[in-house]
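These notes are about the structure you will find just below.
The values are calculated or read from the model by the stated rules, or taken from the named source; none is laboratory data. Note that the structure is predicted; figures quoted are calculated from it, not measured. Cβ sites come from the backbone with ideal geometry, for glycine too, and all protein chains shown count toward neighbours. Ligands, DNA and RNA are stripped out before the accessible areas are found, and what is left, the full protein with its side chains, is counted by its heavy atoms. Shrake-Rupley method; radii C 1.70, N 1.55, O 1.52, S 1.80 Å.
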Amino acid sequence: MLIRNRRLRTTESIRSLVRETILSPNDFIVPLFVVEGKGVKEEIPSMPNYYRLSLDNLDKEIKGLWLLGLKSVLLFVKVPDNLKDNAGKEALNPNGLMQRAIKTVKDACPEMLVMTDVALDPYSIFGHDGIIENGQIVNDKTATFLAEMSVSHAQAGADFVAPSDMMDGRILTIREALEQSGFINTGIMSYSAKYASAHYGPFRDALDSAPVDAMNIPKDKKTYQMDYHNRTEAIRETRMDIEEGADIVMVKPGIAYLDIVREIKNSFEVPVAVYQVSGEYAMIKAAAEKGWLDHDAVMLEQVTAIKRAGADMIASYFAKDVVKLL
């Protein structure tokens, strides 16, 4: 044989030299959960070694992330029940938890890129991403409200807003509202291909944002999140978001949707984000605790697979662990 592919696998030195996919701290967005209070660092039961943080601990976390070379965070807030309603009014409070969290991050580290979750479910008494009328999640009124929320986040100092709701037309509505308010440089990272997945359970525990089981109200999010049986629909959704002004598009979840990641990467010339979601995190943690797999090896293999599939950036609860290993 003149050609022996194994020559390029004989040692770690040659394997690393010809390696096609390389991870670095620049690949990661760190999701962070924020709560009211002081001195709070609550472990999330279904997400071992991941925490809800009060603002003082958020400050410390941001400084630690920056020292590790992690330069981007995605903020989520756990809203007290007494502030929830059907309209999400608390989301527009200029002194609300999200607005204060944005300012906390920017005060702690002005260069940290701040992305913010834009959706109603943390603020909704029904746990849905939209306003409910007559038992239905209404689209256009929700999109208008999400635009107001996005402007509020931009006013507080957010660099990017990240609409995670999957309402039709909300990217255009948000982009126009930001432009009209003078926030021409505030970016939009759109959850363009967000599937109605069973992998989100631990996240909803973290924010107490699961849909409620109430009469005449949908018990799941399948009327707005995508059907996981579909592939070409993801292309259509993503194309529309780009045409409406999205700067970055996202696929969510991650490891079970790598075919979608590659389709989108091959189809469009915009940065592609992937969210490695809470269920993916929890499954590795649980199996590792049982001794059924090597935690670090599987973690690195999965985030590498996500990047290899075409992700330009990965929102991952493993970000700190990966970077420490790198």
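For the reader, a short list of remarks on this structure follows.
- Computed FRET value (nearest 0.05) for Lys324 with Lys38, which takes r as the C-beta separation and R₀ as 45 Å: 0.95
- In this rough spin-label picture, where each label sits 7 Å from Cα along the Cβ direction, the Thr223-Lys141 distance is 1.2 nm.
- Tilt relative to the chain, helix 97-108 - C-alpha long axis, 0 to 90 degrees, to 10: 50 degrees
- Other-chain or far-sequence residues with amide H under 5 Å of Val34's (modelled H): Leu53, Phe76, Val77, Lys78
- Rough spin-label spacing in nm, given labels placed 7 Å along Cα→Cβ, for Ala198 and Val212: 2.6 nm
- Using the Karplus relation 6.51 cos²θ - 1.76 cosθ + 1.60 with θ = phi - 60°, the per-residue 3J(HN,Hα) values for the stretch 268-282 come to 9, 9, 10, x, 10, 9, 10, 9, 7, 7, 4, x, 5, 4, 5 Hz, with x marking Gly and Pro.
- Lysines whose Cα lies under 24 Å from that of Lys63, excluding same-chain neighbours fewer than 8 positions away: Lys38, Lys41, Lys71, Lys78, Lys103, Lys106, Lys320, Lys324
- The Rg/Rh ratio for the stretch 120-207, using Cα coordinates for both the radius of gyration and the Kirkwood hydrodynamic radius, is 0.98.
- Taking the square roots of five times each eigenvalue of the Cα gyration tensor of the stretch 69-178, the equivalent ellipsoid has semi-axes of 24, 16, 11 Å, listed largest first.
- Gap separating the Cα centres of the stretch 213-266 and the stretch 143-203, nearest whole Å: 15 Å
- Exposure here means at most 12 other Cβ atoms within 10 Å; with GluC sites (Glu not before Pro) in a DSSP loop as sites, the longest stretch of the chain lacking them is 112-268.
- Theoretical gain in end-to-end length, Met283 to Glu133 [0.36 nm per residue, Cα-Cα removed]: 50.4 nm
- Stretching the chain fully between Ser181 and Arg6 yields a gain of 57.1 nm (0.36 nm per residue, less the alpha carbon separation).
- Projected label distance in nm at Leu92 and Asp107, using a 7 Å step from Cα toward the beta-carbon: 2.6 nm
- Here the extension length gained between Ser16 and Ser267 equals 87.4 nm, from 0.36 nm per residue of separation less the Cα-Cα distance.
- Against the compact-protein benchmark of 2.2 N^0.38 Å, the Cα-based radius of gyration of the chain scales to 1.00.
- Magnitude of the charge dipole, the stretch 1-135, Cβ model with Lys/Arg +1 and Asp/Glu -1, debye to 20: 1000 debye
- Accessible surface of the stretch 52-135, 1.4 Å probe, proportion on carbon and sulfur as whole %: 53 percent
- The shape of the stretch 174-326 comes out oblate: with a ≥ b ≥ c from the C-alpha gyration tensor, a/c is at least 1.5 while a/b does not beat b/c.
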